[in-house]
Amino acid sequence: MDRDPEAPACPLPVLAPAAARPAANCHFQGGCGGPVPPELPEALAAKVRDHPCYSEEAHHHFARMHVAVAPACNIQCNYCNRKYDCTNESRPGVVSERLTPDEALRKVLAVAAEVPELAVVGIAGPGDPLANPAATFGTMEKLRRAAPDLKLCLSTNGLALPDHVARIAGLGVGHVTVTVNMTDPEVGERIYPWVAWRGRRVRGADASRLLSERQLEGIELLRGEGILCKVNSVVIPGVNDAHLPEVSRRVMALGAFTHNLMPLISAPEHGTFYGRTGQEGPTRDELEAVQARCAGAARVMRHCRQCRADAVGLLGQDRNAEFALARLPPGPAQDAFDVRRAHRSGVERARALAARARDEALGRLSGSPPGLSARVAVATRGGGTVNEHFGHAREFQVYEVSREGARFVSHRRVENYCRGGDGEEDVLDGVLRALSDCRAVLVARVGHCPRGRLAASGIEPVTDAAHQPVEAAALTWFAGFAARVARGEASASPAPGGPTREAAAGVA
Ligand code: CLF
Ligand code: SF4
């Protein structure tokens with residue numbers, strides 16, 4: 001089987017965060033408070049340039065889809081209950097329908113024909129892909145033949161990873177995520193009740209020790225094959241939050257590319273152990289604090305949407321319902337390679353314009369105070385511009401802006417305020433809570449009523465930046481804000497309002 005043409009021919013270097021220089025398309029890829037990581041070697045930059053999960057910038061332009069061909073799992077996590085037919089769910093392990101490899105191929109080609117942004121096909125469940133190797137690799141072989149330009153991606157708990165790295169490499173899979181919640185078995189005992197190993201169940205600290213050894217071995221083997229590895233960790237307050245910086249250090253030393261710290265999603269109705277026992281996820285502040293501590297050792301991912309194992313579309317979207325099996329054409333759709341190629345060319349033109357606009361905006365900020373910063377929310381539905389109406393937004397992207405640049409902080413999922421012409425006050429209250437740490441919200445349009453409520457809450461509604469590139473728009477607003485602070489017309493301190501656990505999980 002051919003290798004991914006973009007895969008580097010030699011093993012990946014370990015990226016040491018020290019001695020860093022800014023990356024070409026992002027001023028802050030090191031994340032909150034952490035050192036700026038080194039500029040990516042060219043081979044690595046090429047591998048993440050159109051992967052929406054491995055590059056925050058790319059997630060404005062490129063889509064992923066998951067095919068749910070892997071139902072079984074070989075471990076039990078206390079935050080997981082794999083069940084079906086709950087289309088409002090967005091927890092890992094939850095899907096609406098399982099697919100066979102042939103059905104997965106039909107679905108991918110149907111999506112590719114309709115979604116020119118599609119760049120990556122991942123297998124992420126609903127169980128563990130490597131506990132279902134026949135279905136996982138059978139699907140990947142079909143996809144590799146039918147649509148060789150699509151990147152293949154895999155997400156695994158890592159228990160079986162060392163056994164499969166050679167096959168993963170042989171299929172040209174360029175990106176593998178390993179979920180690593182601990183490297184200390186005593187921490188692991190509180191997350192994993194058992195793992196299945198060679199026909200028996202291993203329990204207690206032995207289970208976590210075995211799992212951790214296999215995960216770390218797998219990560220190191222991936223580096224040896226030149227495969228980019230992202231490590232996902234679920235932040236579980238009081239269980240592993242204090243331990244995760246150590247996890248970051250270990251996995252980065254073994255060659256992981258980035259560390260994705262995700263909030264635990266837990267509620268009694270999910271039927272999970274944590275849900276039943278009242279274990280809560282982190283608040284927004286708690287999550288950001290863990291991300292900041294890990295940013296000392298790792299390139300931290302902050303734009304994860306914790307997608308379902310059957311998600312389709314840009315990361316902020318899920319278009320899976322449009323492509324349910326019953327709605328697909330009976331035969332394979334005609335592949336749309338030319339459409340995807342045209343989209344990629346358009347993205348490169350948009351990127352060049354955005355970079356120029358950003359640099360010009362930064363140039364105008366050179367006189368602003370070095371310690372001043374502010375958070376800004378942006379309504380966008382993709383394409384890297386401010387292009388969403390306030391009332392239609394189902395999420396806002398939050399940036400921390402200063403004279404150094406605009407750094408992505410997190411997304412805030414909300415209910416859309418505008419329902420058929422009328423806005424609902426309780427929904428608007430939720431949006432205001434979700435944006436409570438922001439000084440401005442950049443939108444394409446906003447109605448009279450929410451405009452007043454936003455302003456009264458200390459959040460400036462801004463429509464001047466409609467259809468402008470996001471970073472340049474945020475920096476331009478910040479230039480005006482800095483001038484107002486200098487004249488004593490605005491306060492430099494952040495907006496009042498506290499974060500909530502729901503906001504940390506992306507729910508307003
Ligand atoms: Fe899927 Fe994961 Fe590949 Fe992305 S998701 S297998 S790396 S293509 Fe992405 Fe979804 Fe977060 Fe995963 S937003 S849950 S990080
Ligand atoms: Fe669920 Fe994934 Fe954990 Fe398996 S590895 S129990 S599918 S969350």
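Between the Cα long axis of helix 244-253 and the first principal axis of the chain there is an angle of about 70°, rounded to the nearest 10.
Given a cut-off of under 8 Å on Cα pairs at least six residues apart, what relative contact order in percent is computed for the range 169-228?
40 percent
Give me the extension gain from residue 42 to residue 341: residue separation times 0.36 nm, minus the current Cα-Cα distance, reported in nm with one decimal.
Numbers: separation 299, 0.36 × 299 = 107.64 nm, distance 2.08 nm.
Gain on extension, residue 42 to residue 341, equals 105.6 nm.
Helix 337-363: angle to the longest alpha-carbon principal axis of the chain, degrees 0 to 90, nearest 10? Helix 337-363 and the main axis of the chain meet at about 40 degrees.
What are the equivalent ellipsoid semi-axes of the chain, built from the alpha-carbon gyration tensor (square roots of five times its eigenvalues), in whole angstrom, biggest first?
Working: eigenvalues 248, 129, 114 Å².
Ellipsoid half-lengths, sorted descending, are 35, 25, 24 Å.
In this view, the solvent-accessible surface of residue 259, computed with a 1.4 Å probe and all protein chains in place, comes to about 0 Å².
Summed over qualifying helices (DSSP H, 4 residues or more, each -39500 (n - 2.57)) and divided by its residue number, the chain shows a 222 nm mean residue ellipticity of -10000 deg cm²/dmol. Name the residues of the range 316-342 whose amide N is less than 16 Å from a point 7 angstrom out from the Cα of residue 114 along the C-beta direction? So the set is 317-336. For the range 162-252, the square roots a ≥ b ≥ c of the C-alpha gyration tensor eigenvalues yield an a/c of 1.5 or more together with a/b not exceeding b/c, which makes the shape oblate. Rounded to whole Å, the principal axis extents of the Cα atoms in the range 273-347 read 47, 37, 16, largest first. Take residue 467: with every protein chain present and a 1.4 Å probe, its accessible area is about 120 Å². Model label sites at residue 201 and residue 467, defined 7 Å from Cα along the beta-carbon direction, differ in position by 6.0 nm. Amide H contacts for residue 395 (H built 1.01 Å from N in the peptide plane; partners 5 or more residues away or on another chain; cut-off under 5 Å): 414.
Which of 161, 199, 233 sits farthest toward the positive end of the charge dipole of the range 159-234, with +1 on the Cβ of Lys and Arg and -1 on the Cβ of Asp and Glu? Of the options given, the answer is 199. Gain on full extension, evaluated as 0.36 nm per residue between residue 97 and residue 356 minus their Cα-Cα distance, stands at 88.8 nm. Overall, the range 235-348 carries a charge dipole of about 280 debye about its Cα centre when +1 sits on the Cβ of Lys and Arg and -1 on the Cβ of Asp and Glu, all other atoms neutral. For residue 177, nonlocal amide neighbours, meaning residues 5 or more places apart or on other chains whose placed amide H falls under 5 Å from its own, are 154, 155, 156, 230. Phi-derived couplings, Karplus 6.51 cos²θ - 1.76 cosθ + 1.60 at θ = phi - 60°, listed residue by residue for the range 483-490: 5, 5, 4, 4, 8, x, 8, 9 Hz, with x used for Gly and Pro. Here the contact order of the chain, divided by its residue count and restricted to Cα pairs under 8 Å and six or more residues apart, works out to 16 percent.
Residue 202: net charge of surrounding residues, Cβ under 15 Å, Lys/Arg +1, Asp/Glu -1, itself excluded? That sum, taken over residues with Cβ under 15 Å, equals +3. Length gained on full extension, residue 445 to residue 319: 42.9 nm, using 0.36 nm per residue less the C-alpha separation. In a simple Cβ point-charge model (Lys, Arg +1; Asp, Glu -1; nothing else charged), the chain has a dipole of about 340 debye relative to its Cα centre. A straight line joining the Cα centroids of the range 351-400 and the range 170-248 runs 36 Å. Could you give the angle, 0 to 90 degrees to the nearest 10, between helix 133-146's Cα long axis and the longest principal axis of the Cα atoms of the chain? Value to nearest ten degrees: 60.
Within the chain, the longest segment free of exposed loop sites, counting trypsin sites (Lys or Arg not before Pro) that fall outside DSSP classes H, G, I, E and B and have at most 12 other Cβ atoms within 10 Å, spans 199-486. Between residue 372 and residue 348, the modelled label-to-label distance comes to 3.9 nm, taking each label 7 Å out from Cα in the direction of the beta carbon.
Using only alpha carbons, the range 301-403 has a radius of gyration to Kirkwood radius ratio (Rg to Rh) of 1.07.
The values are calculated or read from the model by the stated rules, or taken from the named source; none is laboratory data. Source: prediction; values computed, not measured. Because the Cβ atoms are built from the backbone with ideal geometry, glycine has one as well, and the counts that use them run over all protein chains shown. Ligands, DNA and RNA are stripped out before the accessible areas are found, and what is left, the full protein with its side chains, is counted by its heavy atoms. Shrake-Rupley method; radii C 1.70, N 1.55, O 1.52, S 1.80 Å.
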